[in-house]
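The values are calculated or read from the model by the stated rules, or taken from the named source; none is laboratory data. Being a predicted model, the structure only gives us computed values, none of them experimental. To get the accessible areas, we keep the full protein, side chains included, count just its heavy atoms, and leave off ligands, DNA and RNA. Shrake-Rupley method; radii C 1.70, N 1.55, O 1.52, S 1.80 Å.
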Amino acid sequence: MKANNTKLSQLMKSVETPFIKHDIPETRVGDTIQLGLMVKEGSKTREQLCEGVILSRRRRNSLNTSLTLRCSFQGIGVERVFFLNSPRITFVKVIRRAKVRRAKLYYLRDLLGKASRLKQIFN
């Protein structure tokens, strides 16, 4: 039974490896990032920028790693979940790093304005 599992995991790994992106910088919870997203409208495609704070990060196997990003769009907080290895994501750029002591920053949902600021780390 164990031999079948190892063969299956090796097969899954060989199928997934061509789709893994290696140019994504290391991101952590609390970082402010800018992300380029390809959006299709009708027959045209365009790149839409999304900038916000990472609220949570889900590290599954290497292909299914996702993060929850909280962006402010026209004064309203919007949360979106992005798969990092998605072909729709064109780039990820870390703008600011923050010092946080939690793995999930869901408490930022209730805060407004200056109260939602995080302590910045300067490199």
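Ordering SER43, SER14 by accessible surface, largest first, gives SER43, SER14; the 1.4 Å probe counts only protein heavy atoms, with every chain in place. First check a/c for segment 1-81, with a ≥ b ≥ c the square roots of the eigenvalues of its C-alpha gyration tensor; if it is under 1.5, answer rounded, and if not, answer prolate when a/b is larger than b/c or oblate otherwise. Verdict is prolate for segment 1-81.
In the complete set of protein chains, residue-level accessible area for ARG88 is approximately 120 Å², probe 1.4 angstrom.
By accessible area, using a 1.4 Å probe on protein heavy atoms only, the chain has 53% of its surface on carbon and sulfur. Estimated from helical segments only, the mean residue ellipticity of the chain at 222 nm is -4000 deg cm²/dmol, where each DSSP H run of four or more residues counts as -39500 (n - 2.57).
Might you tell me the accessible area per residue for the chain, computed with a 1.4 Å probe and given in Å²?
Numbers: 9150 Å² over 123 residues.
Heavy-atom accessible area per residue stands at 74 Å².
Using a/c under 1.5 as the rounded threshold, could you call segment 34-100 rounded, prolate or oblate? The axes a ≥ b ≥ c are square roots of the C-alpha gyration tensor eigenvalues, and prolate needs a/b larger than b/c, oblate otherwise.
Values: a/c = 1.92, a/b = 1.20, b/c = 1.60.
Since a/c reaches 1.5 but b/c is at least a/b, the shape of segment 34-100 is classed as oblate.
Each residue was assigned an accessible area with a 1.4 Å probe, and for LYS7 the value is about 140 Å². For the chain, relative contact order (Cα pairs under 8 Å, six or more residues apart, normalised by length) works out to 26 percent.
When LYS40, LYS99 are compared by accessible surface with a 1.4 Å probe, the order from highest to lowest is LYS40, LYS99.
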